[in-house]
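**Student:** Below you'll find the structure I mean.
The values are calculated or read from the model by the stated rules, or taken from the named source; none is laboratory data. Worth saying up front: this structure is predicted, and the values here are computed from it rather than measured. Here the Cβ positions follow ideal geometry from the backbone for every residue, glycine too, while neighbour counts run over all protein chains shown. In case anyone asks, the SASA skips ligands and DNA or RNA and just uses the protein heavy atoms, side chains included. Shrake-Rupley method; radii C 1.70, N 1.55, O 1.52, S 1.80 Å.
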Amino acid sequence: MSEPHSAILALDRISKSFGRPPFQVNAAQSVSFELHAGRTLALVGESGSGKTTCARLVMREYTPSDGQLLFKGKPVSTDNAKALAAYRRSVQMIFQDPFSSLNPAHTIDYHLRRPLQLHQRDLRGKQVDAAIEELLTRVKLDPRIVAQKHPHELSGGQRQRVNIARTLAVGAEVIVADEPTSMLDVSVRLGVLNLLNEMKRDMKLALLYITHDIATARYVAEDIVVMYAGQIVEWGNVNKVIDNPQHPYTKLLLSAVPDPEMRFDDPKAQLKAADVEEVRRLSAVPQDRVIAIDQDHFIRQVASTRAA
Amino acid sequence: MTTPLLQVKNLTIDYIGDKTDFRAVDDVSFDVAHGETFGLAGESGCGKSTIAFAISRLHKPPALIRSGQILLEGRDVLDLNPAQLRDFRWREVAMVFQSAMNSLNPVLRVEAQFYDVLRTHQGMSKAQARERTAEMLRLVDIPPDRMKDYPHQFSGGMRQRIVIAICLSLNPKIVVMDEPTTALDVVVQREILQRINELRRTFGFSVLFITHDLGLMVQFCDRIGIMLAGKLVEQNTAEKIYGDPQHDYTKKLWASFPSLHGEPVMERVPT
């Protein structure tokens, strides 16, 4: 995309496969994208398209089978413990399930105090208390009420806010949010998304927002990457991709988003099973050629019907 | 036909607690006509699933129906004795749950799971059941020869379609769907709901559809009821709910969805 030095984190043609032939699954095939400070990249695709594999690659939970991960322009080496610790501090994750990602035996205060003590060692005594208070205020929770509570006393939205505060306590520069709102109630989703937007803007965080809900992707992200069968099929500026989708899979994905303007009885709204199969089959074929639609809008070449 | 298929009248359901009771459903009334799709929308905890369970009397203690009637073609579901109830469930009211794809028995072939239902309710022989199974699987676009497979050999969307096929195999009068596609991605969701819509036109059953996704509901349903904290606060046709919402809560619910095209509903941060 743009010059690699400005990116905090870059994936350079990373592949990840599981198993051995003939049962090999290519979960990520030559995936490249970049995360920039103060920008959000949305990673969109259906279940099984490789979104979570990408998240795990970024978290260094998986080692790539091929390709490399660049952090601030340099490859992350596994033999340098200090560099690795710095990497793990800078890249933090927010999980989908707010109900299982906090320790039920500890208070919220403890959840934030631990990362502060471990990662910001120069803080002493009262300073830690002040930092916890500031973090909770930042995620719009009242420290006097929330700090002494246990996770079960909070709602899903509140817990997700605590998770966000926790990533900030560590001192994250990159946040990987894997479907952060899909288990929350509709009425609190926007609140959490707005909070992520604010964090990104005020603290110059780079955000990787993973979702299958393409409508919320537009709401938080500047750039978008559409994945299918381990390949990135279309990427670029979020408005350009959503308003002018070029790859057949992106078109299919967009046409299936619930649209109250169009009733199911309307013949135009009908998806034909055969067409859907065809798009899926063609999109799954590995392709190397990239076509530029615009300066900041690219698609991967679609396999021709006969060759596939 | 003048009488609606399903009438829920002044239904009130409490969850009994040690000291206080929690009123989950508070004086709710609505009708579902023959062949109609009625939607119930609301947040988690507003009582929509409690209603779904109560309709086929699947609610368990501490849930207690305090008052009200649930009439299916004029017959009160709450008065049925256990034998009548067994006969009534699935044959007249079928249910598809949110995690329905996980409700298939993992150690039985799909065929056996169909046979179980068909033998119990219609006394079919194995051969008859196999024929019916093939017919039902074809309806939901699954090759009939796959009935010999186990549930784990199907994808999530296919499993959900199998559950729907089992539900429809007894020709129920009404199908209650509680968030049937929430765990699936949008393309699969669209395919399944489209298929249900076609089947509904062919066989003429009614659907009670429960979800929190208002956009989807407006596409799929004829009429919609909006629930808030156990009360039905607004009930209208889908077009009206979308184009002309009356209750403040309905408007707020609409505002909480970022729309795909056009302006985001809340003020967007300038970047």
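**Student:** Only residues that are touching a Pro at 6+ places or on another chain (Cβ under 8 Å) and open to solvent by 10 Å² or more (accessible area, probe 1.4 Å): list them for region A:223-237, please.
**Tutor:** Correct list: empty.
**Student:** Restricting attention to region A:180-189, does a residue exist that is surrounded by 20 or more Cβ atoms within 10 Å (Cβ to Cβ), in contact (Cβ under 8 Å) with a residue 24 or more places away in the chain and within 15 Å of the chain's Cα centre (by Cα)?
**Tutor:** yes
**Student:** Within region B:144-153, take every residue that is surrounded by fewer than 20 Cβ atoms within 10 Å (Cβ to Cβ) and in contact (Cβ under 8 Å) with a residue 12 or more places away in the chain and give me the one that is nearest to B:Thr182 (Cα to Cα).
**Tutor:** Top of the filtered list is B:His152.
**Student:** Is there a residue being closer than 28 Å to A:Val238 by Cα, more than 14 Å from chain B (Cβ to nearest Cβ), hydrophobic (A, V, I, L, M, F, W, C) and open to solvent by 70 Å² or more (accessible area, probe 1.4 Å) anywhere in region A:62-78?
**Tutor:** no
**Student:** Which of the helices (runs of 4 or more DSSP H) contained wholly in region A:77-193 include at least 2 residues that are more than 23 Å from A:Glu61 (Cβ to Cβ)?
**Tutor:** Of the helices (runs of 4 or more DSSP H) lying wholly inside region A:77-193, those with at least 2 residues that are more than 23 Å from A:Glu61 (Cβ to Cβ) span A:108-119, A:126-138, A:143-146, A:156-170.
**Student:** Can you tell me which of A:Ala273, A:Ala256 is within 8 Å of chain B (Cβ to nearest Cβ) and open to solvent by less than 20 Å² (accessible area, probe 1.4 Å)?
**Tutor:** A:Ala256
**Student:** Also, I was wondering about something else. If the Cβ limit is 7 Å and pairs must be 6+ apart or interchain, which residue in region A:12-32 that is over 24 Å from A:Phe71 (Cα atoms) pairs with which residue that is open to solvent by 40 Å² or more (accessible area, probe 1.4 Å) and of a type outside the set (A, V, I, L, M)?
**Tutor:** Correct list of pairs: A:Val25/A:Phe18; A:Val25/A:Gly19.
**Student:** Taking region A:219-252 as the region of interest, how many residues are within 17 Å of A:Ala303 (Cβ to Cβ) and touching a residue at least 60 places away in the same chain (Cβ under 8 Å)?
**Tutor:** Summing the residues that are within 17 Å of A:Ala303 (Cβ to Cβ) and touching a residue at least 60 places away in the same chain (Cβ under 8 Å) in region A:219-252 gives 9.
**Student:** In region A:283-303, is there at least one residue being at pLDDT below 85, within 30 Å of B:Leu199 (Cα to Cα) and basic (Lys, Arg)?
**Tutor:** no
**Student:** Checking the conditions here, which among B:Asp222, B:Asp213 is in contact with a Pro (Cβ under 9 Å, 6 or more places away or on another chain) and of a type in the set (D, E, K, R)?
**Tutor:** Going through B:Asp222, B:Asp213 in turn, just one is in contact with a Pro (Cβ under 9 Å, 6 or more places away or on another chain) and of a type in the set (D, E, K, R): B:Asp213.
**Student:** Looking at A:Leu196, A:Leu136, which one is open to solvent by less than 60 Å² (accessible area, probe 1.4 Å), hydrophobic (A, V, I, L, M, F, W, C) and closer than 23 Å to B:Gly215 by Cβ?
**Tutor:** That would be A:Leu196, the only listed residue that is open to solvent by less than 60 Å² (accessible area, probe 1.4 Å), hydrophobic (A, V, I, L, M, F, W, C) and closer than 23 Å to B:Gly215 by Cβ.
**Student:** What are the residue pairs meeting all of these: first residue in region B:179-201, first residue facing chain A (nearest Cβ under 10 Å) and surrounded by fewer than 19 Cβ atoms within 10 Å (Cβ to Cβ), second residue at pLDDT below 80 and part of a helix (DSSP H, G or I), Cβ atoms under 7 Å, and 6 or more apart or on different chains?
**Tutor:** B:Ala183/B:Gly156
**Student:** Cβ-Cβ distance below 9 Å, separation of 6 or more or different chains: which pairs start in region B:3-26 with a residue that is farther than 27 Å from B:Phe205 by Cβ and end on one that is open to solvent by 70 Å² or more (accessible area, probe 1.4 Å) and among the basic types (Lys, Arg)?
**Tutor:** B:Thr12/B:Arg23; B:Thr12/B:Arg66; B:Asp14/B:Arg23; B:Asp14/B:Arg66; B:Tyr15/B:Arg23; B:Asp21/B:Arg66; B:Arg23/B:Arg66; B:Asp26/B:Lys231
**Student:** Ok, one more. Is there a residue in region A:83-101 that is open to solvent by 50 Å² or more (accessible area, probe 1.4 Å), within 30 Å of A:Leu254 (Cβ to Cβ) and at pLDDT 85 or above?
**Tutor:** Yes, because at least one residue in region A:83-101 is open to solvent by 50 Å² or more (accessible area, probe 1.4 Å), within 30 Å of A:Leu254 (Cβ to Cβ) and at pLDDT 85 or above.
**Student:** Name the strands (runs of 3 or more DSSP E) wholly within region B:1-106 that hold at least 2 residues that are closer than 26 Å to B:Leu118 by Cβ?
**Tutor:** Of the strands (runs of 3 or more DSSP E) lying wholly inside region B:1-106, those with at least 2 residues that are closer than 26 Å to B:Leu118 by Cβ span B:93-96.
**Student:** While we're on this one: Name the residues in region B:22-46 that are more than 11 Å from the chain's Cα centre (by Cα) and within 14 Å of another protein chain (Cβ to nearest Cβ), would you?
**Tutor:** B:Gly35, B:Glu36, B:Ala41, B:Gly42, B:Glu43, B:Ser44, B:Gly45, B:Cys46 - these are the residues of region B:22-46 that are more than 11 Å from the chain's Cα centre (by Cα) and within 14 Å of another protein chain (Cβ to nearest Cβ).
**Student:** Continuing with this model, one more query. What's the total number of residues in region B:208-238 that are assigned to a loop (DSSP other than H, G, I, E, B), within 11 Å of chain A (Cβ to nearest Cβ) and surrounded by fewer than 23 Cβ atoms within 10 Å (Cβ to Cβ)?
**Tutor:** 3
**Student:** When both residues are 6+ apart or on different chains and their Cβ atoms are under 9 Å apart, which pairs have a first residue that lies in region A:199-218 and is within 13 Å of chain B (Cβ to nearest Cβ) and at positive phi, and a second that is open to solvent by 30 Å² or more (accessible area, probe 1.4 Å) and among the hydrophobic types (A, V, I, L, M, F, W, C)?
**Tutor:** What qualifies is A:Lys204/A:Ala37.
**Student:** Any residue that is among the hydrophobic types (A, V, I, L, M, F, W, C) and exposed (fewer than 15 other Cβ atoms within 10 Å of the Cβ) - is there at least one of those in region B:65-76?
**Tutor:** There is no residue in region B:65-76 that is among the hydrophobic types (A, V, I, L, M, F, W, C) and exposed (fewer than 15 other Cβ atoms within 10 Å of the Cβ).
**Student:** How many residues does region B:77-94 contain that are over 17 Å from the mean Cα position of the chain (by Cα) and open to solvent by 30 Å² or more (accessible area, probe 1.4 Å)?
**Tutor:** Residues that pass the stated criteria total 8.
**Student:** If B:Pro172 passes every condition in (1) in contact with a Leu (Cβ under 6 Å, 6 or more places away or on another chain); (2) assigned to a loop (DSSP other than H, G, I, E, B); (3) open to solvent by less than 20 Å² (accessible area, probe 1.4 Å) but one, which one does it miss?
**Tutor:** (1)
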